[in-house]
1. From the list B:Arg224, B:Arg216, B:Arg275, B:Arg265, which one is out of contact with any Lys or Arg (no Cβ under 8 Å at 6 or more places or on another chain), within 18 Å of B:Thr198 (Cβ to Cβ), among the basic types (Lys, Arg) and assigned by TED's automatic domain parsing to the domain that holds B:Gly37?
2. Looking at region B:237-253, I want the residues that are surrounded by fewer than 21 Cβ atoms within 10 Å (Cβ to Cβ) and have a partner that is of a type in the set (Phe, Trp, Tyr) with Cβ atoms under 6 Å, at least 6 apart or on another chain. Which pairs are those?
3. Could you pull out every one of the helices (runs of 4 or more DSSP H) wholly within region A:1-118 that has 1 or more residues that are β-branched (Val, Ile, Thr), within 9 Å of chain B (Cβ to nearest Cβ) and surrounded by fewer than 19 Cβ atoms within 10 Å (Cβ to Cβ)?
4. Condition test on B:Gly331, is it under 24 Å from B:Ser206 (Cα atoms), surrounded by fewer than 16 Cβ atoms within 10 Å (Cβ to Cβ) and touching a Pro at 6+ places or on another chain (Cβ under 9 Å)?
5. Counting only residues that are outside the structural domain of B:Gly197 (by TED's automatic domain parsing) and over 22 Å from B:Glu333 (Cβ atoms), how many does region B:2-41 have?
6. Just need a number here: residues in region A:146-160 that are closer than 14 Å to A:Ser337 by Cβ and part of a loop (DSSP other than H, G, I, E, B).
7. Please enumerate the residues belonging to region B:287-312 that are in a helix (DSSP H, G or I) and among the charged types (D, E, K, R).
There are 2 protein chains.
Amino acid sequence: MSHLIGELSPPVRLLCGTGPTNPDPRVLRAMGAPVLGQFDPAFTAIMTDVMELGRQVFRTVNPRTFAISGTGRAGMEAGIASLVEPGDRVLVANCGRFGDLFVDLATRYGGIVSQVTAEWGKVIDPQQIDAALQRTRPKIVAVVHGETSTGMLQPMLDEIGRTCRRHEALLVVDAVVTLGGMPVDTDAWQIDLGSAGTQKCIGCPSGMAPITYGARAEEVITSRKTPIISNYLDLAQLQRYWSPERLNHHTLPTSMTYGLHEALRLIVNEGLEARWTRHQRTGDALKAGLEAMGIQLFGDPKHRLPMITAMMLPEGVPDEEGRARLLEEFGVEVATSFGPLRGRIWRIGTMGYNAELRTVLTVLTALEHVLRSFYARVPRGAGVDEARRVYERAAS
Amino acid sequence: MSHLIGELSPPVRLLCGTGPTNPDPRVLRAMGAPVLGQFDPAFTAIMTDVMELGRQVFRTVNPRTFAISGTGRAGMEAGIASLVEPGDRVLVANCGRFGDLFVDLATRYGGIVSQVTAEWGKVIDPQQIDAALQRTRPKIVAVVHGETSTGMLQPMLDEIGRTCRRHEALLVVDAVVTLGGMPVDTDAWQIDLGSAGTQKCIGCPSGMAPITYGARAEEVITSRKTPIISNYLDLAQLQRYWSPERLNHHTLPTSMTYGLHEALRLIVNEGLEARWTRHQRTGDALKAGLEAMGIQLFGDPKHRLPMITAMMLPEGVPDEEGRARLLEEFGVEVATSFGPLRGRIWRIGTMGYNAELRTVLTVLTALEHVLRSFYARVPRGAGVDEARRVYERAAS
């Protein structure tokens with residue numbers, strides 16, 4: 001016999017892992033709006049708005065700017081699946097788990113992958129990319145803008161973009177963690193295809209992946225010698241669905257599209273610069289607070305992401321038990337990392353609606369109590385005091 | 001300069017196309033619940049509930065019962081992408097657009113596809129499948145349970161299941177339109193892999209795809225000679241994410257998962273038999289009402305789906321203009337079809353929350369007025385009277 005399952009009743013958490021973050025309440029409210037059919041003129045108008053809002057947030061004039069009906073990973077895969085043909089050379093700039101994902105995706109779709117790598121916690125030197133381009137002549141260069149696994153920001157995408165143009169390679173960028181939280185200057189940096197996710201700085205629940213690509217990428221996608229293997233992630237078809245042609249494809253996730261529309265609209269209304277500043281100040285305050293508590297930050301100090309802060313776990317504090325205590329006692333979620341960093345660092349996300357001083361003060365307070373409960377030597381109140389000071393100094 | 005885009009304000013429609021249907025308001029409400037991190041124990045408990053509820057609705061004990069983070073099409077692709085290796089023989093029972101989709105998917109993933117076909121509006125004779133199995137010895141047989149494009153129900157899946165076992169082929173079933181609206185007896189019919197979508201009889205917005213598969217399919221998936229090409233739709237990975245192992249993969253769409261949880265819970269609480277009866281009675285009443293209006297139904301009368309009713313468009317009524325008038329004047333959405341049937345038939349869905357007499361009465365009233373406005377000879381009131389009579393007779 002079937003057993004009855006009770007009503008859904010998820011607790012309220014402060015989501016400071018690496019995503020999902022807490023959406024603005026207006027985003028969740030928008031998702032409750034009446035459902036429309038996918039070819040209803042009232043719905044196709046919303047799709048058109050999402051495309052226009054997406055262009056503003058990606059800072060591009062690309063007509064091909066829309067969203068994949070899957071998570072950030074689906075957006076990355078749509079790009080690679082649609083651009084890479086078997087035997088194509090792909091160069092991946094790899095210094096973390098999402099670089100690994102690009103390697104995996106390009107390999108699965110038949111690419112001949114070479115890599116420029118850096119140790120986890122460091123970033124890639126653009127000159128290395130230039131040298132590798134000369135050596136391997138790839139069709140595609142894949143770069144992770146914000147490497148969520150390590151908290152590192154890949155610098156000089158503008159220079160990498162110029163290098164790719166010079167070598168006639170396409171630049172594909174994973175902007176999953178950066179879009180909406182710091183500049184992602186698609187056109188100025190000459191990014192040929194960029195994709196993101198909804199559940200990080202965009203501030204929407206997980207489930208869709210904004211994507212944009214220019215004429216050079218579109219030309220490659222529509223003039224392939226071999227068919228695109230995935231149907232669901234086939235950009236050649238999807239771009240005809242997201243256009244006045246309205247080619248029938250899958251049934252767009254209506255409520256997620258509403259959420260994305262509202263999240264992008266809130267970003268544009270706030271103003272991109274204001275939003276980037278908010279993320280930067282919040283991240284700076286968090287990092288300063290952690291250091292004032294005697295906690296060591298992970299990775300190259302020159303290239304830290306504003307929205308993901310990676311801290312070394314103090315000696316003697318158990319990873320899983322520590323995070324469980326944060327969650328159970330304070331309702332605060334933080335994340336560990338993968339592979340070599342699993343259990344060694346915690347990653348604290350301050351993204352979207354949570355990129356505010358109040359988040360930092362709550363997290364630092366909770367951390368102080370939890371770390372002290374495991375006998376770590378953390379001074380009382382120092383983190384909060386310093387975070388507030390840094391945040392307010394930046395405001396003045 | 002960016003232009004400001006106004007607040008989302010979609011109108012209320014009665015969605016009687018082929019999906020999305022109007023979700024139960026409780027489903028939309030559940031989607032507004034606080035967002036949780038994907039590895040939060042409170043969230044993994046919800047995933048476990050979704051799996052258990054999915055088993056009840058699919059009528060299976062398959063441990064591998066979960067949901068793909070994409071629409072129904074993504075569920076079908078996950079199955080084919082994970083089962084089919086290049087060179088594998090695949091037999092598709094094809095009598096409509098979703099049979100065509102199986103052919104497309106299997107071909108994209110390297111399958112050698114043969115087909116058993118029937119004219120659109122008819123169904124496949126199971127003996128033809130048996131004969132084709134003997135002839136082509138496929139590894140996989142793909143069957144569309146409810147062919148949404150034509151409104152036809154493929155009968156005798158139990159017999160097809162027995163035939164597949166006898167020939168040691170895997171039976172893959174598209175249950176996108178049928179699951180939650182009529183029996184889909186996964187275990188009794190020996191379906192090896194079945195998938196569905198959320199936006200039809202499950203009664204949730206579009207965006208996830210329930211899936212189930214048994215030990216035989218799992219064995220094929222995990223002992224392939226070639227890697228699965230798609231990462232996002234790789235069942236070998238996804239089954240490890242949807243399990244106590246909690247392998248990190250994509251970030252599950254939290255709010256969609258809440259919606260699916262609530263939608264499945266409402267189905268189980270209503271009772272499967274009661275729900276099937278409700279769909280059948282509603283579809284019968286609609287069909288009787290249409291015939292009383294002098295409207296001809298499309299397709300083989302012995303094999304009509306309860307939840308999708310396909311009617312011939314009366315002479316002289318323009319398709320697009322007619323549907324636009326239904327939408328604008330009555331807020332009622334119906335669908336046309338594809339290919340040879342485009343503009344010739346209208347398809348009326350009565351699914352999930354809308355599988356009620358009130359939907360039928362509203363649709364018939366709106367149809368009567370709109371068809372008459374194009375000078376079709378439709379008697380006043382006859383459709384509603386007959387639909388009410390048929391519905392009430394079935395209740396007594």
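1. Details: B:Arg224 fails: within 18 Å of B:Thr198 (Cβ to Cβ); B:Arg216 fails: within 18 Å of B:Thr198 (Cβ to Cβ); B:Arg275 fails: assigned by TED's automatic domain parsing to the domain that holds B:Gly37.
Within the list B:Arg224, B:Arg216, B:Arg275, B:Arg265, the selection yields B:Arg265.
2. B:Leu247/B:Tyr241; B:His249/B:Tyr241
3. Passing ranges, in order: A:97-108.
4. Values: under 24 Å from B:Ser206 (Cα atoms): yes; surrounded by fewer than 16 Cβ atoms within 10 Å (Cβ to Cβ): yes; touching a Pro at 6+ places or on another chain (Cβ under 9 Å): yes.
Yes: the conditions hold for B:Gly331.
5. The qualifying residues number 6.
6. Looking only at that region, the number is 4.
7. B:Lys287, B:Glu291, B:Lys302
To keep it simple, each residue is scored yes or no on (1) more than 10 Å from B:Thr282 (Cβ to Cβ); (2) modelled with pLDDT of 95 or more; (3) not in a loop (DSSP other than H, G, I, E, B).
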{"residue": "B:Tyr353", "(1), (2), (3)": "yes, yes, yes"}
{"residue": "B:Thr359", "(1), (2), (3)": "no, yes, yes"}
{"residue": "B:Thr362", "(1), (2), (3)": "yes, yes, yes"}
{"residue": "B:Ala366", "(1), (2), (3)": "yes, yes, yes"}
{"residue": "B:Tyr375", "(1), (2), (3)": "yes, yes, no"}
{"residue": "B:Arg380", "(1), (2), (3)": "yes, yes, no"}
{"residue": "B:Val384", "(1), (2), (3)": "yes, yes, yes"}
{"residue": "B:Arg388", "(1), (2), (3)": "yes, yes, yes"}
{"residue": "B:Arg393", "(1), (2), (3)": "yes, no, yes"}
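The values are calculated or read from the model by the stated rules, or taken from the named source; none is laboratory data. The model shown is predicted, which means the values in this text are computed figures rather than measured ones. A quick note on method: Cβ atoms are made from the backbone with ideal geometry, for glycine too, and the neighbour counts reach across all protein chains shown.
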